[in-house]
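Here the structure comes first, spelled out in structure tokens, and everything after it is commentary.
The values are calculated or read from the model by the stated rules, or taken from the named source; none is laboratory data. The shown structure was predicted, so the numbers you read here are calculated from the model rather than taken from an experiment. Please note: Cβ atoms are built from the backbone with ideal geometry, for glycine as well, and neighbour counts cover all protein chains shown. Each accessible area value is taken on the protein alone, full model and side chains, heavy atoms only, with ligands, DNA and RNA left out. Shrake-Rupley method; radii C 1.70, N 1.55, O 1.52, S 1.80 Å.
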Amino acid sequence: MVGPSARRSAVAHLVRNGHCSQRRACRLLAVPRASARYSPGPCPDDEALRVRIRELAHKHRRYGYRRIAEQLRREGMPVNVKRVHRLCKQEGLGLRRKRPKRRRYGPKGEVAQRAERPRHVWTYDFVADRTSRGGRLKILAVVDEYTRECLALRVEKCITAQDVVNTLEWLFLVNGRPEHIRSDNGPEFIAKAVQGWIAQKGAKTIYIQPGSPWENAYIESFNGRFRDECLNMEFFKNGDEAREVIEAWRHEYNERRPHSSLNYQTPAEFAAQCRNAGQTTASLQGDPAEMAKTPMILSTQMDQKTGAGHRNSHATVGNCMALRRLIGRNPHWTQSAP
């Protein structure tokens, strides 16, 4: 008996069974009489806190109590994690326990070329899903391993090696060139067109060993969160709806969702912290010759195949807005471009 509640229960047991008085029971068990007579009451702020916790749990169905507590603190509520845990248990908001994974025996895989700074190592992979009518969705996810930022989530029925090159070309223009790109040995990633284009831009490829997904742990972890919090929570009528919902989730992941491995900062906040600390961030460092190619790249992506302009219209508007912000920060691009 080390806790106050256990000691109070022991005192109540002795008194209830008539073994001794409360004064003697408290003396025997070294419990202050005030503690023995204490009756916990409801906190006046609990009801408002319960309402807000229920709202957050309904909006983010896969958030645990730690992430909900961080969201409350961001809203200006000085709450304790243990208090949020207690209220979540009382409201029945605990997450369903996952089945334990089968333990893998043998030597542990090491991550080659671990990211040490922003724009050091990018990683990409495919995620598959289907619409409510059974239509196929193939999603290309690109993540910065250091800042955990999701740089792109391209949604198509089919993604070829040329589509991968087009996506990387746009990301290189907007975010700058990474030093390494990690991937598995999928046919779209080992294609000569992709390898040749990456080598031409001065980046290096890192291919994991076949059948060793733990060597690409960052993108595998992201894919799990993406499927758990977005794909499994939504029904998509068609590809256009999937693009809108997935892009909205990507912005929420980067800008509002606290990341546990970043000390519950968002990836955008962590990237800004790195930028303020003087580290290089994933921002374009002014290549006017490359920026002059942007209209051609956009038109190529729009006219690449039938119907591509309609599917990518919303993405093109967002890309143009991002490009306009970049040119505003670097006016010499417009002066140097032909």
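Here are some notes:
- Sites listed here are trypsin sites (Lys or Arg not before Pro) in segment 213-261 whose DSSP assignment is loop and whose Cβ has at most 16 other Cβ atoms within 10 Å: Lys237, Arg256.
- Ligands, DNA and RNA left out, the 1.4 Å accessible surface of segment 26-101 is 51% carbon and sulfur atoms.
- Placing +1 on the Cβ of every Lys and Arg and -1 on the Cβ of every Asp and Glu, with nothing else charged, gives segment 4-45 a dipole about its Cα centre of roughly 280 debye.
- Given Lys192/Lys237; Lys59/Lys82; Lys89/Lys237; Lys157/Lys192; Lys157/Lys204, the pairs whose alpha carbons are separated by over 25 Å: Lys192/Lys237; Lys89/Lys237; Lys157/Lys204
- Solvent-accessible ranking of His259, His13, largest area first, probe 1.4 Å: His13, His259
- Per residue, in Å², the accessible surface of segment 152-235 once ligands and nucleic acids are set aside, probe 1.4 Å: 44
- Dimensionless Rg ratio for segment 1-88, taking C-alpha atoms and the 2.2 N^0.38 Å reference: 1.56
- Over segment 165-257, the fraction of Cα-Cα pairs per 10 Å bin, rounded to whole percents and listed from the shortest bin up, is 13, 34, 39, 13, 0.
- Gap separating the Cα centres of segment 36-72 and segment 201-238, nearest whole Å: 33
- Among the GluC sites (Glu not before Pro) found in segment 139-224, not one is both in a DSSP coil and sparsely packed, with 11 or fewer other Cβ atoms within 10 Å of its Cβ.
- Above 12 Å, the calculated P(r) of segment 159-198 contains 58 percent of its Cα-Cα pairs.
- Take every pair of alpha-carbon atoms less than 8 Å apart whose residues are at least six positions apart; their mean separation over the length of segment 152-267 yields a relative contact order of 23 percent.
- For segment 1-93, GluC sites (Glu not before Pro) are listed when DSSP marks them as loop and at most 11 other Cβ atoms sit within 10 Å of their Cβ; the list is Glu75.
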